[in-house]
Every structure is written in structure tokens, then in C-alpha cells.
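Below is one structure, written out as C-alpha cells; comments come after it.
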Amino acid sequence: MHCNTEWDEAAVSRRHFLKLAGITTLGANFASLGSEKLQGVSIVLDRSDAVAGLPSVQWATNELETALKARGIAVQLCTTPEQARAGNLCIAVSGAASALARPLLKGAETRIPAVPEALGLVPGRIAGKPVLLACGHDERGLVYAVLELADQVTYEAQPLVSLSNRNVLVEKPANAIRSLTRLFVSDVEDKGWYNDRAMWPEYLSMLATQRFNRFNLSLGIGYDFLRNVTDAYFLFSYPFLLAVPGYNVRVPELPDAERDQNLAMLKFISEQTVARGMQFQLGLWMHGYEWINSPKPNYTIAGLTPENHGAYCRDAVRLLLQTCPAISGVTFRVHGESGVNEGSYKFWQSVFEGVASCGRKVEIDMHSKGMDQTMIDSAVNTGLPIVISPKYWAEHLGMPYHQADIRAQEVPDPKKKTSTLMNLSEGSRSFMRYGYGDLLKEKRPYRVLHRIWPGTQRLLLWGDPLTQAAHARAFSFSGSAGAELMEPLSFKGRRGSGIAGGRCAYADATLEPRWDWQKYRYSLRLFGRLLYNPDAEPATWTRYLTNQFGAGAASAGQALANASRMLPIVLTAHGTSAGNNTYWPEVYTNQPIVDPTINGNLTHLYDTPSPKVFANVSPLDPQLFLSINDYTRELLKGEHGGKYTPIETAQWLEDYATEAEKHLALLKAKASNTKEPAFRRIAIDIAMQIALGRFFASKFRAGVLYAIFDQTGDRSALEQSLKAYRTARSVWADLANQAKGVYKSDITVGEQPFLRGHWLDRLPAIDQDLAAMTQKLEQAERSADTSAGRAQAAVQIAMGRPRRSVTDCRHPQPQPFQAGQAVPIELSPAKAIKSIRLYYRHVDQAERYEMVEMQAAGQQYRATIPAAYTNSPYPLQYYFELQESPETASLYPGFNATLTNQPYFLVRQA
């Protein structure tokens, strides 16, 4: 947040005192210094201050010094302001409670919040010298304050002017955990960066500057199931890192020297992370050790048996933590995809014991799929800090809120047969697979961290400040602790599909950055900074864009922002598959509208209803969105509830594509560096996302029109469906040809055809389905069986611009409630409404919504959530459906104009 100056009755007295002491402030900034010619910068680092003397703060100060010198600015290092050279701007680096900081903060009538990681940048003067105080409530807060100045120096056109005009800035974190995960999944593609001692300092410095406070290096996530294993490097991680005394567990194909080098690198990476003030988290995702039906693995595990498996893992994790003291947290996958049968509580108790007995406090982070109370209790009983990390929007990224409800496929089915391996996550705990499940009880002995999986956007550039800020607010939903992002390119080369060369998959080598993450600097800047503070100053990202694109900066930002919004909308409204290893919308494997046998019946789409045609797909949020088939049925009946429709989704995509295209044209016209790799990378990725948005928009319209034909036999609906589908095909062909020569012909995130290849590869399946639709039209023409009336009206609606009724309402949100206390709900619409329904539910995805008709009392509608219902450990969430007429309805609050709000209300327990 930006702190407003706080004036009080003692302000005059304080200013008088500070004047006598030789310390003055200028309130907002150094505006009165405009005529002064600053000659350089004096950095004052008081090593006697407990916070300023910490190693990570000294590292950050060195980053600032390096940035200043790189811009040709003379730097003096000193320990007191009095030592600063005349004519220099003095930057005082200090903890907020220090003797140096206190009077400057008083002079500015501001204070630093007494919360972890809070920071301040406060201008003033000491004995007539201009001073900029960089302070923090604690170590990380001070590191962030200093790195903010270093970033300003690096990217501002006139760094000294920018520093001397610095407004008072006070910020505190909105999310306690702000984590980024880098995954090792490929012997071919990942060994290089893992062993790159030049890369890690640069990479980790970038993360710290963008205010990530946790880095997770994840191993053993290359496979979900230990079948057909070909690339097993780090898969069962312990013997790739160390030899555990008392066990002859080893990787026969791995030289001891390479094993020891792996451990040395892990120590180096973890120590470099901690040196920058961040927490180092080690992800150990696989604890199975036998590769099943795997005739050609490159590495195997020897020396383990079912009898010594648990004891070995206990002792191995203990030794690993003792050998690498910079590791402060461990992430475990504890469901069946860990290679251990679900319900193996004794095994996990043994592993947790290994963590607990390592000699220091280490956080245990458990991936939540299949999680039950017994597993939670096992972890909590260790006495260690516990984090449980559910998926946010399944294995993708949706719109910026937590889905209002899960799909029918995730609701437990008592009749479903499950395997021993997955007996919980596919059985009674299936609702935990793709969301927060039942974890958000008010009183819980663990923190909840939302993990963003990489299915939606892993290759193309993305970045939208508005949407990212909304996501950041969602990550503290119901007291959640924050988020962890699986970084771009996650799972690249997974399951033995790695290809040597640049991980960014460019065919044009001039586009490949030195290190893959450098392509995504802007994406990670937005994610980290806005996760810390959703209301961050726009200069945080605009200075970077200006540095990169000059006069085209604003257009670059707007073009990428609009382009980035589209695929998350597609995922929310049309969840082809929740799995990132079955559905890749960036390089979409076409799902047929007509013929389900195309693309081998798409049997890999395990969670799409059969027949696996486009119209059968459920929204990933079925509480707020309609599927194509359900919408068509409403349309033909002339009725409509308040849910969002596929045609509305199509219109959003078309509008965002139009805006993105407009700003991309402006970027190309204004930018002077159009031949530079940074410009070419962003321009092609924006253009491709524009095409993806238009493709899905046209296909949604084609899908609805075909469903009208399918349900009525109306020939004109089929004609228009074919026309829209051909438009989609044309857009896809343009997209594929744009990518030709830019991206490699085989981009791999897995070994299956739907996880590798190129956009050009997807055209034949589209053409086959178009041919099937054309044949349908020929048959319809011969029969000439058309219907009139409602079908014709539905066709026009499906082709047109949808109009959603919006009703202004007054709604006094309830105060926090006591469990067992009835919660009255009131809503006052600004216009006449036929009826209003209240939908409410515990913040527990194991449950479905309750619905009650609200009772009118004049202009006010009332309902009560019963005391018996509130008598639970959960908060409540609710929303309203307003029915104006049979064909006109809306949701309240629904989505705002930018689609960036939470479309329901939350009320916590007192």
C-alpha cells in the first residue's frame, strides 16, 4: 500500500525538534532539490544496526552499488551521514527502529508497519544534506527497500533524478508466502541449468528483487506414475544426491563423483538463495523406486526393498537436511502419484520423523491431493510448521478467483471403483484433486498455499497487472498464506521428451536468451511484485517496459495485458481437462465438434464426458458458467438463469483480441528497436495469443450453433456453425504459419502427440472435423428438414453480441458470525425484479450449494442462513441470482467490467 502522510497534534513540535537536530523532511519528495546538481550517491550502511548489519542486507546494498556504478554514477560507502560527500545524495540503509531511521520517519509523519517484510522509502535531509532513507521492519523488508532502489537505478532513464524525486513509499506484504518453483524433469534439458554456477546468482537475485520470498527447487516430478519410465534422473532423488550409511542404496548407472557433484550444487543453490534473504524449499515429489513396464530407463535404483523403504527414506531425508543446512522447507507429494499407496500413514510418519529429527525446525509442505485428516494429524504431530498446498484452478490458470464450485467429475462417487494406489484421491477425497477442498477451516494448525500449475500458459509470454493484482488478492482468500507459481516452461522435456538446445524452443536461435528465464522477466516481475502488494506503484513495471520498448512501452503493456487474459477465460468456461499433461491450450489438440473418433477418440481426456466432443465439455467452474449443451437447451426453451454463457465467453475473447491487436499495431509503429530479440519475442507471442483467442471464440460460436442443429435439426444453424468453424480454422492456420520458423517443429512437454509438436500439426484434425460437418450439411440439405421459430432466434443470438442485464444493488455484507448463529442476508435491487435466489455454501468444496428464495419486503429482499448450517468450522460464501423475466437474469455480484473481481461474497467467523 502507499502510505498517506499522518498528521497529528504533535507535528509542529516534532518539526521544531528535528530542525534543532539538523534533520528536516520534505513530506512527499525532494522537489525543492530540483536546482541542485547531484554529483553522486553516498550509501550509509550503519553496521551497528542489528538489521542493516545482516549479510543479506549487505548483499542488497552491494547490488545497489553495482547498479549505480553500471549507470556511471559515483558511489561513496560510509557508515554515518556526516561522512557523505557534499553534493551527493545520501541513501541511508537502516532498520526502521534504528536511531538513524526514527527521526527521519517522524519528520515525514509516517511509520513502517510492524509486520514482517514491511518496508519504507522516505526522503528527508540531515544537516542540510539530501537523504533517502531505505528502511525495513525486518531483514527482508530492508532487503526489498534497497533492491527497489537498485531496480529503479537499473531501469529509469535518469536514475539520479528519479531517486531525488522519490515520494514516500511504505509497503507491507499482502501474502505471507510468495514462492516460485523450478522443476527438474529432464536429463537432457535440465542438467545444464542445474549445474550452471553463473546462472544461479543472476536468477536468484532477480527473484529477490521481485519480492519472492521462497524458492522451491523440485525434484522427482518428471512422472506421475512409474510406468514406461525412460528418463529417471532425480526421479527418486535421494541416491542421486548422497550415500546413506547403513544402506547400500544406489543408482548403478550414476558415477559417485556425479552424485557428489549433485549434492555440492544443491548446497550451492540453497546457500545462494538464503544469502538473498529468501527461504529455500526442496521439493521431493517421488518416493517410489520401482519402474513398472519400463524396459529402457536411463537410470535405476538398487538396494531398496519394501522392508527397508520407509527407514531408508527417513534416514535419507534427515541426512540430506543435515548436509544442506540452508534448506528450510521440504515439499512432499503424499498421494498415490508419489509412488506410495494412499493410506500408507506409517510410511509418511517415518519420513516426517526424518525431517523432525534433523536438528532444526524445517517446514513440511504437503501437496493436498488425496489429503485426509489422518495425514494432516501425522504432520502436525511432528511439531514442525506445516503447509498444505492445493492446486489453484486445477493444473492450469483460470480467471482471478477461486472457482465457485468443482465439476461433477470431482464430486465423490461411492460406486466408483478405485485402485489401491489412488484409493483416496479417486475415491472419498476426490474433491481435493483440483482445488482447496475442505482445507479452509477457520481454526487450522497449518497454512494453506495455493499452487499454480503450468497447463494454461507455459511457453508464450504473459503479463497483465490488472489480472495479476486480482489473483494476488485471491491468494489470501479465507486466510490463505499465498501462492507458489510453477515457473514458465515447467515440464519442458518431461517423461523422456527432452531435446537438446534452448528450453524456450525457438527455431530462430537469435531469439533464444542466454538463460531461459530471461524471456519471462516481465511476467515474473508482475507476479512477484503484485503478489507482495496488489496496489503496487505502476512505475514498478512501466520503467521496465520503457527501458525495453521506449516510446512503445505503454502499447507493449496493453497489448500483452489483453492478450494474456484470454486463455485463462477459456480454461474457466471450458475445462477440456483439468490435467496439464492432457490439455495444453497454447498448442491445442483439436477436440472435434462433430466426430468423436477423430484424434483417436481423445482417450487421454480422462475427465471429459463421452462422447468426447466439444459441446460435452464442462466449465471448470460449473456454478457460474454454462456448458455449450446446457446453454443451448436454455436458449431453445427461451429461458435463462444467471450463469455466464459460451457466447459471452466468445465475446470477451473477441473484445480482448481486438484490443490486443490495436495496441500491438501501436507498439510496432512506436518502438524503435523492432529488430531486437526482446521486441520480436513479445510481438510474436502477443500475435499468437490474439489468434488463440479468436480461434476459441469462433469455435465456441461454432459449437453452440452445432448444438442448436443437433437439438433441432435446423439447417441454418449447421450452415452458420460450419462458417464459424471455417473461420476458426483459418485463424489457426495463420497462427501456425506465424509460428513456423520462430518455434521449433517439435516443442515437447511430454512424449505423447498432444504434449508435443507444433501448431501446424494440429491442422489435419481440424480439417477432418470440418469435413465431417460438411458431410452433415450435405445430408441436411438433402433432407431439407428445418425448424423455425425458437431455433432461428437461437441462431441469431449465437451469432450476435450478447447483452447481459446488470442490476445495481445495495447489499450490506454481514459482520463476522459465531458458529451456530443465524446469518441474515439482505439485498436491495435498484429496479423491479421478479425473484431473487440466494445461493450459499460453506467454504468447503466437498459440499454443494444450498438455495433459498428470498422474500420481498418492499424494495428489499431478505433471507437467512440458518443457525444449524453455520454451526460448522467453515466460513460462508454466497451470491445472488436475480430473475427479471424468464429469459433475463443476472448474478450479483457477478463479474465486473474487467473480469477481475471475486464473483461471490465471503463472510468469516468471528
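The values are calculated or read from the model by the stated rules, or taken from the named source; none is laboratory data. Everything quoted here is computed from the prediction, not taken from an experiment. Cβ sites come from the backbone with ideal geometry, for glycine too, and all protein chains shown count toward neighbours. Just so you know, the surface numbers come from the protein's heavy atoms only, side chains and all, with ligands and any DNA or RNA stripped out. Shrake-Rupley method; radii C 1.70, N 1.55, O 1.52, S 1.80 Å.
Some points to look at:
- Tyr155 accessible area, assembled protein chains, probe 1.4 Å, Å²: 40
- 0 to 90° range, to nearest 10: angle between helix 677-712 axis and the chain longest Cα axis: 30
- The chain: angle of helix 715-739 to the longest principal axis, Cα-based, in degrees nearest 10: 40
- Arg495 sits with roughly 40 Å² accessible to a 1.4 Å probe, with DNA, RNA and ligands left out of the calculation.
- Cross-link pairs exceeding 22 Å in C-alpha to C-alpha distance, out of Lys391/Lys740; Lys391/Lys441; Lys391/Lys492; Lys699/Lys723; Lys519/Lys675, comprise Lys391/Lys740.
- Only protein atoms count toward the accessible area here, which uses a 1.4 Å probe; on the chain, the carbon and sulfur part of that area reaches 51 percent.
- For the chain, share of DSSP beta bridges that run antiparallel, in % to the nearest 5: 45
- For the range 422-465, the pair-distance distribution built from all alpha carbon pairs, in bins 10 Å wide starting at 0, is 20, 34, 30, 16, 0 percent.
- Positive minus negative residues near Ala356 (Lys, Arg vs Asp, Glu; Cβ under 11 Å): +3
- Against the main long axis of the alpha-carbon atoms of the chain, helix 465-474 sits at an angle near 90°.
- Solvent-free Debye scattering, log10 I(q)/I(0), computed from the Cα coordinates of the chain at q = 0.06, 0.07, 0.10 Å⁻¹: -0.45, -0.62, -1.24
- What the chain shows is 36 Å² of accessible area per residue, with the surface traced by a 1.4 Å probe over protein heavy atoms.
- When Ser730, Ser478 are compared by accessible area at a 1.4 angstrom probe, the order from most to least is Ser730, Ser478.
- Most to least accessible of Asp595, Asp365 (protein chains only, probe 1.4 Å): Asp595, Asp365
- Accessible area of His640 in the full protein assembly, 1.4 Å probe (Å², nearest 10): 40
- Principal axis box of the range 620-684, alpha-carbon based, largest edge first, Å: 55, 21, 15
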